[in-house]
1. For residue 245, are the conditions met, namely being under 19 Å from residue 180 (Cα atoms), within 16 Å of the chain's Cα centre (by Cα) and in contact (Cβ under 8 Å) with a residue 12 or more places away in the chain?
2. Does residue 234 count as within 16 Å of residue 307 (Cβ to Cβ), in contact (Cβ under 8 Å) with a residue 12 or more places away in the chain and not in a loop (DSSP other than H, G, I, E, B)?
3. Pairs needed: first member in the stretch 259-282, more than 12 Å from residue 178 (Cβ to Cβ) and assigned by the TED database to the domain that holds residue 242; second member anywhere, among the aromatic types (Phe, Trp, Tyr) and outside any strand (DSSP E or B); C-beta distance under 8 Å; at least 6 residues apart or different chains.
4. Just need a number here: residues in the stretch 154-169 that are open to solvent by less than 40 Å² (accessible area, probe 1.4 Å) and either at pLDDT 95 or above or out of contact with any helix residue (DSSP H, G or I) (no Cβ under 6 Å at 6 or more places or on another chain) (or both).
5. Of the conditions (1) in contact (Cβ under 8 Å) with a residue 12 or more places away in the chain; (2) not in a loop (DSSP other than H, G, I, E, B), residue 211 satisfies every one except a single condition; which number is it?
6. Would you please name the residue that is nearest to residue 292 (Cα to Cα), looking only at residues in the stretch 179-215 that are modelled with pLDDT of 90 or more and open to solvent by less than 10 Å² (accessible area, probe 1.4 Å)?
Amino acid sequence: MAKRLVIGLALAFSVMLPAHAHLTGAFADFLAIVYDETTIDGLKKELARTKEQITELEPEVDANKSMFEENQQLAVEQLQLYTDSGLDVWLSMMENDSDAADLLGSQWQVERGIDAYLDSLNELYLHYQQLKSKQQSLKGHEKLLAAIEKNLLAREQYLKENAELPLDQIANYLDIDWVSEVEYELIDDLKADQERIHAELGNWLAVSEDGTLEESWVNENSQLQYFFRKDHIYAEYELEYAHVILLGQVLQKSDGKSAELVFEAGFYNGFYLPEELLEELQGFKLDYAAFRKLTGIEKPYFTQTDGVLQIHRK
């Protein structure tokens, strides 16, 4: 097995990953350039920018939340007023023998007023939700950057501690550590996620408002931390002396009956995992049968976005 991590370690000192890893997207600069002294500095700058954006956005989110809640209360009061006064006007006109045209005209005015209030409230709500979504996306970005930083710092520390050792010996130590401390525990925890998601997926979708699969639900009771982003799904796995980041995508299986999180690249304490080690790590599966129970979904497929897997209808 030592030869497998010799390959990984050799790649750790190269500039770019092999093409088969498909390592593209928002974090390629940090994960693809695997041995570059400027990487940590660049990562810290990106973290600082993200924190600054979150800080700048918070007052606007809070202000829009307050505005929506205030207008929501006003709308409730106004709708109640329309309901009460509208009924009074209707009864009064009926008592005065008003004709049908007057009654319908009065009803149309009330309905128009109600619609205007609801449209205004809906615009406020949509704007608030857009800001909130942006805020949540930035926070997810920040958390993933922090995970990547841990991984890169672990590599930096390992190289410092073993600076006097030859390459093949460092590779051998990495291999021993991976097998004895990480590999089997990670495989078991990935399997536990597979079993839990398969068993509970139907119940989750039954109470989900829109059928989307949320990152927070997948992370619940998992030993891994999943980050759903537009470019990849990232999975962080941390033990006392090990930090692993896996990158993958949810792809349809060849039988057309399910989709699976397929890992395309991985890093162990900052060192690139060879493909033959990566193949041992199986992500969770999503059985299409569970999604077909949702209204209007016969042939589901998924796209990745920040924080959720979005289910679509073919």
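1. yes
2. Yes; evaluated as a whole, the condition is true for this residue.
3. The qualifying pairs are 259/288; 260/284; 261/284; 270/158.
4. The qualifying residues number 4.
5. With respect to (1) in contact (Cβ under 8 Å) with a residue 12 or more places away in the chain; (2) not in a loop (DSSP other than H, G, I, E, B), residue 211 is out only on (2).
6. 197
The values are calculated or read from the model by the stated rules, or taken from the named source; none is laboratory data. Just so it is clear, the model here is predicted, and its values are computed rather than measured. Please note: Cβ atoms are built from the backbone with ideal geometry, for glycine as well, and neighbour counts cover all protein chains shown. Note: areas computed on protein heavy atoms with side chains; ligands, DNA, RNA excluded. Shrake-Rupley method; radii C 1.70, N 1.55, O 1.52, S 1.80 Å.
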